[in-house]
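Q: Quick one: structure below, then a few questions.
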């Protein structure tokens, strides 16, 4: 089933574009998100769907930092 390809008229298109650029940069430089991207694409997921998931993960990180009032700590680099 093919979904909608247009942005909703009430959406903030500039913010969506900035988040997309952030997701591309995060995929390139954040090892955790890059591994997530490659894993999902290898599972057969659509690349844009995975990029949307990365955008949502970035938003979650941003709001967690704001809510906790502490800097982001990448626990993935300390694991194993």
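Q: Residue 52 is checked against (1) surrounded by 12 or more Cβ atoms within 10 Å (Cβ to Cβ); (2) more than 15 Å from the chain's Cα centre (by Cα) and fails just one. What number does that condition carry?
A: Every listed condition holds for residue 52 apart from (2).
Q: Being free of Cβ contacts under 8 Å to residues at least 24 places away in the same chain and out of contact with any strand residue (DSSP E or B) (no Cβ under 7 Å at 6 or more places or on another chain) is the requirement here; does residue 74 meet it?
A: So residue 74 does not fit the description; no.
Throughout, read-outs are computed from the coordinates displayed, never taken from laboratory work. This structure is a prediction, so every number in the text was calculated from the model and none was measured. FYI the Cβ positions are ideal-geometry reconstructions off the backbone, even for glycines, and counts take in every protein chain you see.
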